[in-house]
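Presented below is the structure to which this report refers.
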Amino acid sequence: MKIFNSLSMTKEEFIPLEPGKVSMYVCGPTVYNLIHIGNARPMIVFDTFRRYLEHKGYEVNYVSNFTDVDDKIIKAAQEEGVSAEEIAERYIKECRKDMAAMNIRPATTHPQATQEIDGMIAMIRTLIDAGHAYEKNGTVYFSTRSYQNYGELSHKNLDDLRSGFRSLKVSGEEEKEDPLDFVLWKPRKEGEPSWPSPWSDGRPGWHIECSVMAKRYLGDTIDIHAGGEDLVFPHHENEIAQSTCANGVPFARYWMHNAFLNIDHKKMSKSLGNFFTVRDISKEYDLQVLRLFMLSAHYRSPLNFSADLMEAAKTSLERICTAAGHLKDVSEKGTDAPLEGKAAAIAEEAKDFIAKFDERMDDDNNTADALSVVFDLVRFANSNVPDGAPKALAEAVLSVLLELTEILGLVVLKQEESLDSEIETLIEERQAARKAKNFAEADRIRDLLKERGIELLDTRDGVKWKRV
Ligand code: AMP
Ligand code: ZN
């Protein structure tokens, strides 16, 4: 399998550090508002990649954070007259709802920056002791000149950057020894959340959060680090510098970056105000349509959002659903003829679509081409499994179709089952919360399910559920 590695700017064969296992970190959203569909792009494409890795037999440890302390969160809290914590908790909940509705599986761990402050203080201390960071009046900066490979990911000309930054003095940070140095810890301002530290009562910089959470949940060297391409510089560049200098070993071996979701060919972003939230879109479309729309482009190509493309995605999804529904119908009402002769040959041929699909996905997560294999399979099913065909044949072809759509995270069988998959996702989340001893969150999910008329039963064979 090949992955385009932003570090080398080439497609490289993917070889995990430990055979059969993959550790993967995906930068998550800053939670101060509902997520927009631009934020949904990395969530969908990397969730799909994770599902594909699992289909290939890898055990994937998938970590994606919530940035729950940040200037934007503090500003939103001040505007509403509530605490920053309340804002963050509210939008984490909403984000989880949107993720479930897009059929994005919960990460193995969703760490939150505010729960990891001790680890950040420890890493900053290590960096200061090793001469990679320095303190000035309660602020700690990373010394970019102390890391000789600084700039290796973004492939930037540092001298140009330095002179650019010099002319653009950032207020309050004039005490930096170099214009490219960045904040690891900053003192609190009136009314801001803060934690005690050896340097000041304050809070961490954004970049150190991800270095620490990746280390804690995945280790010093991880297989894959992913996020949107806007994070390459400075965020990921800074993560590499911090982690490499603190841990003494390389940080991430493969870097994957998705291109932007655009609108009128401009990046969709909160600051430009040209965005749709996932919630907005859910009012007009089943979010499976949004998922299919995202996967219909290669993740490294810009994707322009438009009503026409969404309508096309809707039609495409309907085509797959109709074929799946038909196969299901034949598998219940078809003949009881055994799977032999021509029918057996068709069932065998259907399996070839898995190899074709894998071939596309092996080429740098090419979901666009993988989707076209799914459409080939739909055509194949429509012409080879008519009404009255053997049940066993319909079942065999349906199982291939479901295997492929499951990797893409598309729910293609009727509504009741798509509802079921949302419930399963919530149950998985509850299990993860219990494992992390986050009982408040586990109870919250149980109550949420109760509101929807779902009762959970903890049995010896795991969690079962029923509609009440
Ligand atoms: P943020 O909340 O801005 O830190 O973004 C969370 C994630 O969404 C990051 O991986 C960003 O790179 C990604 N992201 C934000 N806007 C877009 C966009 N318009 N297209 C694709 N990815 C985006
Ligand atoms: Zn990050």
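The values are calculated or read from the model by the stated rules, or taken from the named source; none is laboratory data. Just so it is clear, the model here is predicted, and its values are computed rather than measured. Here Cβ is always computed from backbone atoms with ideal geometry, including for glycine, and neighbour counts include all displayed protein chains. To get the accessible areas, we keep the full protein, side chains included, count just its heavy atoms, and leave off ligands, DNA and RNA. Shrake-Rupley method; radii C 1.70, N 1.55, O 1.52, S 1.80 Å.
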* Structure fact -> Rounded to the nearest 10 Å², the 1.4 Å probe accessible area of His326 is 50 Å²
* Taking all pairs of different Cα atoms in segment 122-242, averaging 1/r and flipping that mean, what Kirkwood radius in angstroms comes out? -> 15.2 Å
* To do: Mind jotting down the three principal axis lengths of segment 339-468 based on Cα atoms? Whole angstrom, largest first.
  => 54, 38, 25
* What is the count of Lys pairs in segment 121-227 whose alpha carbons sit under 21 Å apart, if the two are 8 or more places apart or on different chains? -> 10
* Find which of Ala347, Ala122, Ser6 sits farthest along the positive direction of the dipole of the chain, computed with +1 on the beta-carbon of Lys and Arg, -1 on that of Asp and Glu, about the Cα centre. => Ala122
* To do: Hey, could you grab the Kirkwood Rh for segment 13-149? Inverse mean 1/r over distinct alpha carbon pairs, Å, one decimal.
  => 17.5 Å
* Express in nm, to one decimal, how much length is gained between Ser8 and Asn157 on full extension, taking 0.36 nm for each residue of separation and deducting their alpha carbon distance. => 52.0 nm
* Quick one, what does Rg over Rh come out to for segment 53-120 if you take C-alpha atoms and the Kirkwood Rh? -> 1.08
* Asked: Once phi is turned into ³J(HN,Hα) by the Karplus curve 6.51 cos²θ - 1.76 cosθ + 1.60 with θ = phi - 60°, what whole-Hz value does each residue of segment 184-195 show in order, with x for glycine and proline?
  -> 9, 8, 10, x, 6, 10, 3, x, 9, x, 8, 9
* Give me the angle, in degrees from 0 to 90, between the Cα long axis of helix 341-362 and the longest principal axis of the Cα atoms of the chain, rounded to the nearest 10. => 10 degrees
* To do: Roll a 1.4 angstrom probe over the protein heavy atoms and tell me the percent of accessible area of the chain that is carbon or sulfur.
  => 49 percent
* Roughly speaking, what % of Cα-Cα pairs in segment 421-467 are separated by over 11 Å, rounded to a whole number? -> 64 percent
* Structure fact -> With -39,500 (n - 2.57) per DSSP H segment of 4 or more residues and division by the full residue count of the chain, the 222 nm estimate, nearest 500 deg cm²/dmol, is -16000 deg cm²/dmol
* Structure fact -> Taking the reciprocal of mean 1/r across every pair of different Cα atoms in the chain, the Kirkwood radius in Å is 24.1 Å
* To do: Give me the net charge of Lys2's neighbourhood, meaning all other residues with Cβ under 9 Å from the Cβ of Lys2; Lys, Arg count +1, Asp, Glu -1.
  => -4
* **Rounded to whole Hz, the Karplus (6.51, -1.76, 1.60) HN-Hα couplings of segment 370-382, x for glycine and proline** => 5, 4, 5, 5, 4, 5, 4, 5, 4, 4, 4, 5, 4
* Structure fact -> At q = 0.17, 0.33 1/Å the base-10 log of I(q)/I(0) from the Debye formula over the alpha-carbon atoms of segment 55-94 is -0.51, -1.11
* Once fully extended, how much extra length lies between Glu349 and Glu59, figured as 0.36 nm per residue of separation less the alpha-carbon to alpha-carbon distance? -> 101.5 nm
* To do: Give the span of segment 256-327's Cα atoms along each principal axis, as three whole-Å numbers ordered largest to smallest.
  => 46, 29, 20
* Looking at segment 1-63 from every direction and averaging, what is the projected area of its Cα convex hull in nm²? -> 5.1 nm²
* Viscosity 1.306 mPa s, 10 °C: Kirkwood-radius Stokes-Einstein D of segment 187-231 over Cα pairs, µm²/s -> 124 µm²/s
* To do: Determine the percent antiparallel among the DSSP beta bridges restricted to segment 2-258, to the nearest 5.
  => 45 percent
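How high is the relative contact order of the chain, in percent, with contacts defined as C-alpha pairs under 8 Å that are six or more residues apart?
So the answer I get is 17 percent.
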* Structure fact -> Expressed in angstrom and ordered largest first, the alpha-carbon extents of segment 164-303 along the principal axes are 51, 36, 32
* Asked: Across segment 51-63, in residue order, what do the Karplus-derived ³J(HN,Hα) couplings come to in whole Hz, using 6.51 cos²θ - 1.76 cosθ + 1.60 with θ = phi - 60° and x for Gly and Pro?
  -> 4, 5, 4, 5, 4, 6, x, 7, 8, 10, 9, 10, 10
* Asked: Once the Cα gyration tensor of segment 316-385 is found, what semi-axes does its equivalent ellipsoid get, as square roots of 5 times the eigenvalues, in whole Å, sorted largest first?
  -> 25, 16, 8
* Sequence-distant or interchain residues sharing an amide H contact under 5 Å with Ala389, placed H: which? -> Thr335
* Asked: So for segment 2-258, what percent of the C-alpha to C-alpha distances run longer than 36 Å?
  -> 12 percent
* Leaving out ligands, DNA and RNA but keeping every protein chain, what accessible area does Tyr299 have, in Å² rounded to the nearest 10, with a 1.4 Å probe? -> 0 Å²
* Report Ser154's accessible area, 1.4 Å probe, all protein chains in place, as a number in Å² to the nearest 10. => 20 Å²
* Asked: Which number do you get for Rg(Cα) / (2.2 N^0.38 Å) in segment 282-408?
  -> 1.14
